[in-house]
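Nothing in this text is a laboratory measurement; each read-out follows from the coordinates by a stated rule. Quantities reported herein were computed from a predicted structural model and do not represent experimental measurements. Here the Cβ is made from the backbone with ideal geometry for all residues, glycine too, and neighbour counts use every protein chain on show.
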């Protein structure tokens, strides 16, 4: 399978009256408007080569998942899409899975999907909306220049067969998302 990821980032753009009128300016807890206007860029990228397959952008108010929905046009069978927790809503996952692509998505910490059946590798079958998924719970350590952080992560995948797609291999695969963007 072609391993791809969807992710977003904000980019500063020139601060002129026309751009400001279209995009506005950023704000924070100290001021109503600050910094340069920004555009939100959301990309579908091949993890191995970092080649951009598709991209959409616009005002930050459009939100990552709003722009990410438009990237579904470039998903297809033969891909596995790595998604961060911001893209794990039922509606987004159902739309992405509807393209024939396989999914491996991190769920938010508060999301506790029902256990429908335990599998031999420790994962379990569940349902997110109308989508049948396999849930893998794992402990992941993230190391950066700022230090190390370890937490329990919950991954949802449409790859339901634990023999063909062992949980440990999918956890290792999910790490590729961080190297893609």
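Quick look at the numbers
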quantity: Convex hull per residue volume in Å³, alpha carbons only, for segment 29-181; calculated: 149 Å³
quantity: Fewest-first sequence of 158, 19 by Cβ atoms within 10 Å of each Cβ; calculated: 19, 158
quantity: Segment 63-103 - Debye-derived log10 I(q)/I(0), Cα point model, q = 0.31, 0.32 Å⁻¹; calculated: -1.21, -1.28
quantity: Estimated [θ] at 222 nm from DSSP helical runs (n ≥ 4, -39500 (n - 2.57)) normalised by residues in the chain, nearest 500; calculated: -5000 deg cm²/dmol
quantity: Segment residue 76-residue 164, extension gain: residue separation times 0.36 nm, minus the distance between their alpha carbons; calculated: 29.7 nm
